[in-house]
1. Check which residues have an amide H placed less than 5 Å from B:T53's amide H, if you skip close sequence neighbours.
2. Residue by residue through A:4-14, how many Cβ atoms from other chains fall within 10 Å of the Cβ on average?
3. Using θ = phi - 60° and the Karplus curve 6.51 cos²θ - 1.76 cosθ + 1.60, what whole-Hz ³J(HN,Hα) does each residue of segment B:19-30 get, with Gly and Pro shown as x?
4. Out of the DSSP beta bridges found with both residues in segment B:1-123, what percent are antiparallel (nearest 5)?
5. Expressed as a whole percent, how much of the Cα-Cα distance distribution for segment B:9-181 exceeds 31 Å?
6. Where does each of B:K146, A:K254, B:K25, A:K29 land when they are ranked from fewest to most other beta-carbon atoms within 10 angstrom?
7. Return the average number of partner chain Cβ atoms within 10 angstrom of each residue Cβ along peptide B:37-45.
8. Under 5 Å between amide hydrogens, which residues at least 5 positions from B:N125 or on another chain qualify, with H placed 1.01 Å from N in the peptide plane?
Amino acid sequence: MTYDVYLGLDVVRTDRTLVFYENEANQAKLWDVLAVYAWMDKDIGYVQGMSDICSPMIILLENEADAYWCFERAMRRLRDNFKCSADSVGVQSQLGTLAQIVKTVDPKLHQHLEELDGGEYLFAFRMLMVLFRREFSFVDSLYLWEVMWAMEYNPNIYSSYDDKRQTLLSELLYDDKPGDKHKLKEYGKFERNNLKTGAAEQNSALSVFLVASVLETKHRRLMKEAKGLDDVVQILGEISGNLDARKALDEALKIGVGVESLVGSSIGSQVLDRDQGLELSFEYRVDLESRVKSYVEVTSRVPGAVLNQDKEFGPRFSQYRGLGLGSRLKVRS
Amino acid sequence: MANRMDHEYDYLFKIVVIGDSGVGKSNILSRFTRNEFCLESKSTIGVEFATRTLQVEGKTVKAQIWDTAGQERYRAITSAYYRGAVGALLVYDITKRQTFDNVLRWLRELRDHADSNIVIIMAGNKSDLKHLRAVSEQDGQALAEKEGLSFLETSALEAVNVDKAFQTILTDIYQIISKKALAAQEAATSTAPGQGTTINVSDTSANVKKGCCSA
């Protein structure tokens, strides 16, 4: 089967609980964007999972071209995961990093997982591949995406975001407060540095730390109850809607700091570097356009989107209906 | 409690579910393990796992089932998929000829990567969609006979033959394993002095020869 067969199969089953995709015109948009991408990026083409990444762009951006470019920018970060060779899938390098992180911060858990034939961490395959879209609710996963991508832009942004969660990025960017202006000036620093060090192609490691933090929060149950990979998946599966996305991020950052102080560059210079400290861990190629777009789009439509919700984002989202997004996230009855 | 759980089964069998994308692998699995069918199921990313414990010839067997993504690009992680798998459920969609034609490719993949003794059952799924049928049951049966596979037509939607398919494969596996165990037992007792049982030389010739030459 060629990729367009998979593309067709997946478009009809992407987020199909949403009324939004009952409309064939919206399905067609999803198909268009994925097909154009596959045509442009021939090394990747279409790989199952990409529709999960693309779908939010279609929902958030009315203009198809805007949606395409947002998706294209997101794929620059993620495309390595989708790269398949004869004997490996790209995401496996991230899984390898994850294994090393867990081995470092929680050797007992790592050993336990190895004993369950889970040493390859394939149970985390999906989380990294579609960036938690299947594990978190629609809004929670978007929250994670925007923070992850904003932190590539500036590692310190999370703390400021956390401080005033009601603050929109647009405000942050265009605010006249001197502190914020100073921050704004710094934003290009990481990008320039990445250009200099050629770190542009690396994958975001924050997602890997996030998986590690999820594993950590489930440490006790995994050690006690997991007797097979199915149990591991089940225990991790229960995070859906029950895990506080912000807490997970905090944990991820702690692990990031912990790993860095423990092993420094031994985990891989791409991920961590003792000399430059944690900061480097989150210095990734910055993409102003897509970041601002997705950020502004999400935050302006859902100011201070409250996370840690249940899986059924539909009813809870009724409060946002007036803002435009709610109706798009309506679940089919 | 945890320990008791651990001993609640006599055997643990790893089964892989394979076949083209969209043939209904995940729904076969959810029908078997949770008795659920999801009309709005999503594509499988990489690999997903589920289990069900059931009785096979008086023994408690835990089936650990690996549900795999259909896209061949994901085949790159095959070594992990197939490692330790004792059974495979190869699924095609009776309404899509192409998925049936690809069965041979999946068989080749199994022969290349899985244990040579793996027990394979072929399932023609979506048998409820009679009006859309593109592969006759006879065609399925003929291919299964030619390739030496068990065969059933299933409907995950209507819960037809799904349990039977797994029961068949688990029983086959159990019988092979208990036969092996029996053979091993016989071999073990036959080494005891004074027992006049025949030793199957062909099976152990390599070992015997070695001992012989080194002596």
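The numbers here are math on the coordinates, done by the rules we state, and not lab data. Please read these numbers as outputs of a predicted model, since none were measured by experiment. Using ideal geometry, Cβ is built from the backbone for each residue, glycine included, and neighbour counts are taken over all protein chains shown.
1. B:A63
2. Working: counts 0, 5, 9, 0, 1, 6, 5, 0, 1, 6, 2.
Mean number of neighbouring Cβ atoms from other chains: 3.
3. Calculated HN-Hα couplings, in order: x, 4, 5, x, 7, x, 4, 5, 6, 4, 5, 5 Hz.
4. Numbers: 10 of 27 bridges.
Once the DSSP bridges in segment B:1-123 are tallied, antiparallel ones form about 35 percent.
5. Working: 1123 of 14878 pairs.
Beyond 31 Å sits 8 percent of the P(r) for segment B:9-181.
6. On the way: B:K146 9, A:K254 14, B:K25 29, A:K29 23.
By the 10 Å Cβ count, ascending: B:K146, A:K254, A:K29, B:K25.
7. On the way: counts 0, 1, 3, 7, 2, 13, 10, 3, 13.
Mean partner-chain Cβ count within 10 Å for B:37-45: 6.
8. Sorted by chain and number, the residues that satisfy this are B:Y92, B:D93, B:I94, B:T154.
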